[in-house]
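None of the figures in this text is laboratory data; all of them are computed from the coordinates on show. Note that the structure is predicted; figures quoted are calculated from it, not measured. Positions of Cβ are backbone-derived with ideal geometry, glycine not excepted, and every protein chain shown enters the neighbour counts.
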């Protein structure tokens, strides 16, 4: 199986209130051998490092450019997620969305993604990500 590297796009909260969710998604990806990039974890270090909005977008685009795919956790919407999805689509980088069952996935995002996977429990993501490696 070839090595796969993905960029995780997820709505970040300034107070890190969804840090556990982010860490769980990253853990499930890494548990099946997928290398991950997370701007909040890897570069902003959970708020310890600050970037200007321009620096942050440049960093995000650079990291997306060096990934095999982007995974958007879309249980909670965010403008940044749309920007990252649009950029990835324009660059021809495959986009996969994951969201909790019942989440409202915009028709715009539906039009950009290769596939949308819904989950109820975090443990379901491991199987989803394992399948994704073969796509």
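So here's what we get for this one:
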| item | result |
| --- | --- |
| Separation of alpha-carbon centers, segment 62-99 and segment 111-126, rounded to whole Å | 14 Å |
| Bins of 5 Å, starting at 0 and running to the largest distance - Cα pair percent for segment 4-133 | 2, 10, 23, 25, 23, 13, 4, 0 |
| Per-residue Cβ neighbour rank within 10 angstrom, fewest leading, 57, 40 | 57, 40 |
| Estimated [θ] at 222 nm from DSSP helical runs (n ≥ 4, -39500 (n - 2.57)) normalised by residues in the chain, nearest 500 | -12000 deg cm²/dmol |
